[in-house]
């Protein structure tokens, strides 16, 4: 049976990803005529049309899209094999790419990891939960740190620590004089919230719904820092994880008397890569931190973040 060669499939896959043969040739180290010849040989030998050519740009045909789904898996497997071999050779050096929702949970991990393996280069990016999962699945990131668990058979998910949610109030607000409030005390008050999809917001809104309390969302903000500034400027109250609160002379935190008002950060990686040495070492650090101090509820329960004097 006639079979396509790996060189032909690689030329096709590179062209599909790059959208043009010149860029594809540069990406895989071939001359443009050689790459074009590989793709043309596939089309002629099997009687298929893989691309519609529009000037210098290429668009996949329906058949081309089907083939590219397969070749994409082939090259991901090749990359995974290379990464595994490189990790085995470079257990104590190399590079780890981590994507996190913010700096507060990932930073202690980085400090502990660097103390043990100082020759490993760490690259940290920031994104929302959806982007983090996509980065890990697409191998654009080795690890992800987000504030909820991920249920996906392709993902290995490790719990880190629970972190209690607290009320963020301007120092002049009447609630700032109290050390704790009930959810019922928030009825009808205005809040500055993160955008829809925020885990912190979802946890808070579920607790409000269970308690039969309704608040008004005055402003939606796209980042934790923007929420903090909006609260400081008097646009409403806010909700923040106690561990993520940055002291500000204009603001105070107030405990909330409600069960299950916490987020639970997790660290994720591809299931198939969880035993790669560098990733396994990072996960071991997460485990050691969790065992050492683990629950932010216990570490901070009843301890006000700032003096109210």
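Every number in this text was worked out from the coordinates using simple rules, so none of it is lab data. These numbers were taken from a predicted model, which means no experiment stands behind them.
For the reader, a short list of remarks on this structure follows.
- Between the range 2-18 and the range 31-47, the Cα center-to-center distance that results, in Å: 9
- Full extension of the chain between residue 178 and residue 272 yields a length gain of 28.9 nm, computed as 0.36 nm times the residue separation minus the alpha carbon distance.
- The Rg/Rh ratio for the range 122-222, using Cα coordinates for both the radius of gyration and the Kirkwood hydrodynamic radius, is 1.05.
- Set the Cα radius of gyration of the range 4-113 against 2.2 N^0.38 Å, with N its number of residues, and you get 1.44.
- DSSP bridge analysis restricted to the chain gives an antiparallel fraction near 55%, rounded to the nearest 5.
- Theoretical gain in end-to-end length, residue 223 to residue 2 [0.36 nm per residue, Cα-Cα removed]: 74.0 nm
- Gyration tensor (alpha-carbon) shape descriptor, the chain, a/c threshold 1.5: prolate
- One Cα centroid belongs to the range 135-180, the other to the range 90-119; the line between them spans 18 Å.
- Fluctuation leader among 281, 119, 105 - the chain, Gaussian network, Cα springs under 10 angstrom: 119
- Between the helical axis of 62-89 and the longest alpha-carbon principal axis of the chain there is an angle of about 70 degrees.
- With the largest listed first and rounded to whole Å, the semi-axes of the equivalent ellipsoid of the range 163-262 from the Cα gyration tensor are 17, 15, 13.
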